[in-house]
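Following: one structure in structure tokens, then a few remarks.
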Amino acid sequence: MSQSDGNGLTYSQAGVDIDAGNLMVEKIKPAVRSTRRPGADGEIGGFGGLFDLRAAGFTDPVLVAANDGVGTKLKIAIDADRHDTVGIDLVAMCVNDLVVQGAEPLFFLDYFATGKLDPEQGAAIVEGIAEGCRQAGAALIGGETAEMPGMYAGGDYDLAGFAVGAAERGRLLPSGDLVEGDVILGLASSGVHSNGYSLVRRIVALSGLGWDAPAPFEPQKSLGEALLTPTRIYVKPLLKAIRETGAIKALAHITGGGFPENIPRVLPKHLAAEIDLAAVKPPAVFSWLARTGGVEATEMLRTFNCGVGMIAVVPADKVDTVCAVLADEGERVFRLGRIVARAQSDAGTLYKGSLAL
């Protein structure tokens, strides 16, 4: 049967509301404008986002790109109905990967897909993305909002982010001159960040607690709010330390896989990282997760950051200088270990001491 005489199907009847999409775009324009920086004007609406490298102050840049998501932390945001911080996580997971290569994040694009678009919810998410961009000094130059009925259950959504940064040629990290005796510094995390949330959610289910219950490890907050603490963005402090000291040889973002998977990625094959676990002061959330889930310390270390969101490798005689710059920028930084020779049978990450969970 044909649909005619005014009874034809519309896109809205199929589940896609163009007007809601237009309303969301209007709602997010102020947030997007707040991210403008040299090289980008902070406006959206074109078919592609523009960025002027020369206006950003680069002369012979190498571009560095990264993309990531927020994982199942989004499920907590959905179930707890709190959507204002996952955008910070989205930016953090991308820009922290750029700065470990010595690159300054320049611009960011997001992809937001949902079954039924709620302009208020969408605007809250993008406002979080804009906040992350401001923290990182990156311009939000575009994005995609996809309303996809039938692909996502009611209320569900997914996020992906794409960041591009730049470094002047010859200044990328790791520097290639790492040696035995170099010191590994740890930069404190803000909590679980954005990895391991499938295990987190399983542990919460075991605990029997609801998302609105007081968090056992942070009673002044609800469990949902505490577990949604956004990923720390280390970009500006690290860029300042890189540029002012010239002493940072390598950086590693501690994400999924923890110390054993992430630190060796920036080390030459003949060197290993010796980590003093007694130097780590895990936030209370990790002790609660380990205790409630009966999670062994080795499993904690290969799943979570356990309190260290970033590591830096510096020469032994430059430790105080680098620590001073990072501390002035608000980072809690501490000696985490040292670089040692790696035997053929050794793992890339070695431990001494024990983790105080």
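The values are calculated or read from the model by the stated rules, or taken from the named source; none is laboratory data. Bear in mind the structure is a predicted one, so any value in this text is a computation, not a measurement. All Cβ positions, even for glycine, are placed from backbone atoms using ideal geometry, and neighbour counts span all protein chains on display. The area values use the complete protein model at the heavy-atom level, side chains included, leaving out ligands, DNA and RNA. Shrake-Rupley method; radii C 1.70, N 1.55, O 1.52, S 1.80 Å.
Picking from Ser345, Ser189, Ser222, which is most flexible by a Gaussian network model of the chain using Cα springs under 10 Å? Its mean-square fluctuation being the largest, the pick is Ser345.
Between the listed residues Pro283, Ala80, Ala247, the Cα displaced farthest toward the positive end of the dipole of the chain, a dipole computed from Cβ unit charges relative to the Cα centre, is found at Ala247. The residues Arg134, Arg265, sorted by heavy-atom accessible surface at 1.4 Å with ligands and nucleic acids left out, run Arg265, Arg134 from largest to smallest. In loop segments of region 300-357 as defined by DSSP, the trypsin sites (Lys or Arg not before Pro) with at most 15 further C-beta atoms inside 10 Å of their C-beta are Arg332. Please determine, in degrees from 0 to 90 and to the nearest 10, the orientation of helix 284-293 with respect to the longest principal axis defined by the Cα atoms of the chain, where the helix direction is its Cα long axis. The angle comes out near 80 degrees.
So what is the diffusion coefficient of region 1-139 in µm² per second by Stokes-Einstein at 4 °C and 1.567 mPa s, using a Kirkwood Rh over Cα pairs? Translational diffusion coefficient: 77 µm²/s. Rounded, prolate or oblate: pick one for region 258-357, where a ≥ b ≥ c are the square roots of the eigenvalues of its C-alpha gyration tensor, a/c under 1.5 means rounded, and failing that, prolate if a/b is larger than b/c, else oblate. Oblate.
May I ask which residue of Met148, Gln101, Val179 lies farthest towards the positive end of the charge dipole of the chain, with charges of +1 (Lys, Arg) and -1 (Asp, Glu) on Cβ and the Cα centre as origin? Of Met148, Gln101, Val179, it is Val179. Normalised by 2.2 N^0.38 Å, with N the number of residues, the alpha-carbon radius of gyration of region 194-243 equals 1.56. Each principal axis of region 161-200 carries a Cα extent, and these read 39, 32, 16 Å when sorted largest first. Its relative contact order, with pairs defined as Cα atoms under 8 Å and 6+ residues apart, puts region 48-163 at 39 percent.
Solvent-accessible surface of region 20-64, taken per residue with a 1.4 Å probe and all protein chains present: 62 Å². Note on Ile275: accessible area approximately 0 square angstrom, rounded to 10, probe 1.4 Å, nucleic acids and ligands left out.
Quarter the surface of the alpha carbon convex hull of region 89-210 and you get the mean projected area, 11.1 square nanometres.
Selection among Met310, Gln344, Val325 by position relative to the dipole of region 310-357 gives Gln344 as farthest towards the positive end (Cβ unit charges, Cα centre). Solvent-accessible area of Tyr111, all protein chains in place: 80 Å² (probe radius 1.4 Å, heavy atoms, ligands and nucleic acids excluded).
With the cut-off at 20 Å, tell me which of the pairs Lys249/Lys269; Lys27/Lys116; Lys29/Lys221; Lys249/Lys281; Lys73/Lys281 have Cα atoms farther apart than that. Distance filter (> 20 Å) returns Lys29/Lys221; Lys249/Lys281; Lys73/Lys281.
Each residue of region 239-244 was assigned a 3J(HN,Hα) from its phi angle through the Karplus expression (A = 6.51, B = -1.76, C = 1.60, θ = phi - 60°), giving 4, 5, 5, 4, 6, 7 Hz with x at Gly and Pro. Report, to the nearest 10°, how far helix 197-207 tilts away from the longest principal axis of the Cα atoms in the chain, using its own Cα long axis and a range of 0 to 90°. Taking the Cα atoms of the chain, the angle to 197-207 is about 90 degrees.
Largest first, the extents of the alpha carbon coordinates of region 299-357 on the three principal axes equal 38, 28, 16 Å. With the cut-off at 1.5 for a/c, could you classify the chain from its C-alpha gyration tensor as rounded, prolate or oblate? Oblate shape, in that a/c is at least 1.5 and b/c is the bigger or equal ratio. Only protein heavy atoms count here; on that basis, with a 1.4 Å probe, Asp317 has an accessible area of about 130 Å². If you build a Gaussian network model of the chain, linking Cα atoms that sit under 10 Å apart, which residue out of Ala139, Ala347, Ala163 swings the most? Residue with maximal mean-square fluctuation among Ala139, Ala347, Ala163: Ala347. For region 19-93 versus region 281-357, the spacing of their alpha-carbon centroids is 30 Å. Its Cα gyration tensor gives region 160-268 an equivalent ellipsoid. The semi-axes, each the square root of 5 times an eigenvalue, are 35, 16, 13 Å from largest down. For the chain, averaging the sequence separation of C-alpha pairs within contact (under 8 Å, six or more residues apart) and dividing by the residue count gives a relative contact order of 21 percent. Against the chain, whose longest principal axis is taken from its Cα atoms, helix 18-33 shows a tilt of about 40°.
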